[in-house]
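Contents: one structure, followed by commentary.
Read the figures in this text as sums done on the coordinates, not as results from a lab. Given the structure is predicted, the values throughout are model-derived calculations rather than measurements. Positions of Cβ are generated from backbone atoms using ideal geometry, with glycine treated the same way; all protein chains shown enter the neighbour counts.
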Amino acid sequence: MIIAVDLARRTATLDAPTEFTRFSVQVLGHEGEDLTPDALAFAVGDILAELGLGRPDGTDVLVTAAGVRHLAGAAATPEWEEGFSSMCAYAADKGWMDAHGAIRAHIELAP
């Protein structure tokens, strides 16, 4: 599962919504930007917060489970929910969720 955040357009979309074995944020629209990892996380987190989807956390971001469900839209079938719940349980077991159920995601730059 990949959340694509476009810095230029200030949007977020969910790519590969049924790929429950990975969770990351991929940054688009970063051309010409020279951001440190902390600044990049803040910029991405600011957009996620603006959209009600999450917030920055160090060099990562925390994405709310409700935000992921919102981005999933029509893909969020009962089968999808089962896979997503399993992914969240795995993330919680690894310590990748905060006390409010937000999922830690690392940030990758899109090529």
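Report the FRET efficiency, 1/(1 + (r/R0)^6), for A89 and D15, where r is their Cβ-Cβ distance and R0 is 30 Å, rounded to 0.05.
It comes out at approximately 0.85.
Out of the trypsin sites (Lys or Arg not before Pro) in segment 27-111, which ones are loop residues according to DSSP with at most 10 other C-beta atoms within 10 Å? Mind showing how you got there, number by number?
Working: sites: R69, K94, R104; in loops: K94.
Sites meeting the loop and neighbour criteria: K94.
Over the Cα atoms, compute the radius of gyration (one decimal) and Dmax (the largest Cα-Cα distance, rounded to a whole number) for the chain, in Å.
Here Rg and the maximum Cα pair distance are 13.2, 42 Å.
What residues from segment 94-111 fall in the zone where the backbone N is under 16 Å from a label point 7 Å along the Cα-to-C-beta line of E31?
Under 16 Å, as judged by backbone N against the label point of E31, lie 109-111 of segment 94-111.
Hey, rough spin-label estimate for A75 and D57, points 7 angstrom out along Cα→Cβ, what's it come to in nanometres?
About 2.1 nm, to one decimal.
Quick check: net charge around F20, other residues with Cβ under 15 Å of its Cβ, Lys/Arg +1 and Asp/Glu -1?
Working: positive: R22, R69, K94; negative: D15, E19, E79, E81, E82, D93.
For residues surrounding F20, the net value is -3.
Sum -39500 (n - 2.57) across every DSSP H segment of at least 4 residues in the chain, then divide by the residue count to get the 222 nm mean residue ellipticity, nearest 500.
-11000 deg cm²/dmol
Enumerate the helices in the chain for which the Kyte-Doolittle hydropathy averages 0.0 or more and the C-alpha atoms extend at least 15 Å along the helix's axis, using complete DSSP H runs. It would help to have the intermediate numbers written out before the result.
Values: long enough: 37-50 (19 Å, 0.99); 78-93 (22 Å, -0.45).
Both cut-offs are met by 37-50.
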